[in-house]
Amino acid sequence: MKNLLCLLKEKKTSRVLRGELWISGTVLDELGLERKQDSIVTISREIDANLCFLSYTNPIQQLSVESKEMEINIKKAHALELFCGVTVDGPFERTVKEHGFEETMKLFFNEKHLNSQLEKHTAATAFELAAAEKAGADLLILCDDIAYTQGLYFSPQKFKSNILPLYQKLRNLVKETVMGFHSDGNVESILNLLLDHGYTMFSLEPEAMDLVTLSRVLPSNIALMSGIKSDWLMNSGFNLHQNKKEILIYIEELSKGCGLILSSLCGLSNTASLNQLKLLYRLLNENC
């Protein structure tokens, strides 16, 4: 299979590439599929996506880093002509999971304790990233929800001094694989820093950032993983057909800029959202 970034840069594909980061266990249950990560591969192929995403810590099925299961699932994806990405929780995300959000934010007033926690969790992140690269992943996504709609949870200076060096260490560990970054919220203030440290793909929230403008200023060798708004999938009152013109214009404008992988940040929480996604894909196939 062709290198993912090369394919995006060429922009010679017959359609915008597509793939979902998150598919819930509820979707698998409602479809009668096993709660296993190879079921994610199966669904991704059945909905005619180009990418699927797995994780060692997915609630659907946690995988041992030492086992060969990730490699087997990636090979299955490749056999079905899917690119396969692996998502890995970042150090801030892991610290929040251990201590809760409020306690984690208090750590920013205790530099020594903060750095100790972040470094501990960076080691766990690094372990999974290295294993995923070895297993043959086409793309690695560092998932660290460090922002809300107005910006970072902490100052850009705190990010630069306490978190960015850890991101740099993680990127340097897996130099041979395309690496992206995911966060909810508005992370525009740190995008250039991430670009400078080798992150080339960004899963960003369309409700929190002006992605059309951003796509025009990002280099052509960078890609956005976004473009599907949560309302399109999650709002039962949203009619895709009635809003077809608005949707098609938005996606077309996004695709004129840097690379684009059409994806949502809300993910697929149930079969209703899956059916909306299928309908969206059909609209794109018929009109793009």
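For Glu246, state whether it is acidic (Asp, Glu), at pLDDT 95 or above and crowded, with 21+ Cβ neighbours inside 10 Å.
Values: acidic (Asp, Glu): yes; at pLDDT 95 or above: yes; crowded, with 21+ Cβ neighbours inside 10 Å: no.
Here the answer is no, as Glu246 does not meet what is asked.
Can you find a residue that is touching a helix residue (DSSP H, G or I) at 6+ places or on another chain (Cβ under 9 Å) and free of Cβ contacts under 8 Å to residues at least 40 places away in the same chain anywhere in region 211-218? Within region 211-218, not a single residue is touching a helix residue (DSSP H, G or I) at 6+ places or on another chain (Cβ under 9 Å) and free of Cβ contacts under 8 Å to residues at least 40 places away in the same chain.
Collect the residues in region 70-91 that are crowded, with 20+ Cβ neighbours inside 10 Å and without any contact (Cβ under 8 Å) to a residue 40 or more places away in the chain, keeping them in residue-number order. I'd like the intermediate steps shown before the answer.
Filtering region 70-91 for residues crowded, with 20+ Cβ neighbours inside 10 Å gives 70, 73-74, 77, 82-91.
Hits for region 70-91 are Asn73, Ala77.
Listed here are the residues, each with its yes/no results for (1) outside any helix (DSSP H, G or I); (2) among the charged types (D, E, K, R); (3) surrounded by fewer than 20 Cβ atoms within 10 Å (Cβ to Cβ).
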position	(1), (2), (3)
Ile141	yes, no, no
Lys160	no, yes, yes
Leu170	no, no, no
Gly180	yes, no, no
Phe202	yes, no, no
Pro206	yes, no, no
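Each residue in region 10-55 was checked for being modelled with pLDDT of 95 or more and among the basic types (Lys, Arg), and 4 of them qualify. Restricted to region 18-42, and to residues there that are free of Cβ contacts under 8 Å to residues at least 40 places away in the same chain and hydrophobic (A, V, I, L, M, F, W, C), the residue that is surrounded by the most Cβ atoms within 10 Å (Cβ to Cβ) is Ile40. As a summary of the residue check, Glu133 satisfies the conditions (1) over 24 Å from Ser189 (Cα atoms); (2) modelled with pLDDT of 95 or more; (3) surrounded by fewer than 16 Cβ atoms within 10 Å (Cβ to Cβ); (4) not β-branched (Val, Ile, Thr) except for the one numbered (3).
Does region 226-234 include one or more residues that are surrounded by fewer than 22 Cβ atoms within 10 Å (Cβ to Cβ), charged (D, E, K, R) and either modelled with pLDDT of 95 or more or in contact with an Asp or Glu (Cβ under 7 Å, 6 or more places away or on another chain) (or both)? Checking region 226-234: at least one residue is surrounded by fewer than 22 Cβ atoms within 10 Å (Cβ to Cβ), charged (D, E, K, R) and either modelled with pLDDT of 95 or more or in contact with an Asp or Glu (Cβ under 7 Å, 6 or more places away or on another chain) (or both).
Of all residues in region 81-117, which are of a type in the set (Phe, Trp, Tyr) and part of a helix (DSSP H, G or I)? Spell out the reasoning first.
Within region 81-117, the first condition is being of a type in the set (Phe, Trp, Tyr), and the residues that meet it are 83, 92, 101, 108-109.
Selection gives Phe92, Phe101, Phe108, Phe109.
Restricting the first member to region 92-103 and to residues that are modelled with pLDDT of 95 or more, and the second to residues that are of a type in the set (Ser, Thr, Tyr) and surrounded by 20 or more Cβ atoms within 10 Å (Cβ to Cβ), the beta-carbon pairs closer than 8 Å and six or more apart or on different chains are Phe92/Thr104; Arg94/Thr125; Thr95/Thr104; Val96/Thr104.
Would you confirm, using the coordinates I've provided, whether Thr149 is within 24 Å of Leu233 (Cβ to Cβ), without any contact (Cβ under 8 Å) to a residue 24 or more places away in the chain and surrounded by fewer than 20 Cβ atoms within 10 Å (Cβ to Cβ)? Judged against the criteria, Thr149 is not a match.
Here Phe83 clears all of (1) modelled with pLDDT under 95; (2) touching a Gly at 6+ places or on another chain (Cβ under 9 Å) except the condition numbered (1).
Within region 104-129, being acidic (Asp, Glu), at pLDDT 95 or above and exposed (fewer than 15 other Cβ atoms within 10 Å of the Cβ) holds for one residue alone: Glu119.
If we keep just the residues of region 224-267 that are without any contact (Cβ under 8 Å) to a residue 24 or more places away in the chain and part of a helix (DSSP H, G or I), which is nearest to Asn186 (Cα to Cα)? Filtering region 224-267 for residues that are without any contact (Cβ under 8 Å) to a residue 24 or more places away in the chain and part of a helix (DSSP H, G or I), the one nearest to Asn186 (Cα to Cα) comes out as Asp231.
The values are calculated or read from the model by the stated rules, or taken from the named source; none is laboratory data. Because the structure is a prediction, the values reported are computed rather than measured. As a convention, Cβ positions derive from the backbone with ideal geometry for all residues, glycine included, and neighbour counts pool all protein chains shown.
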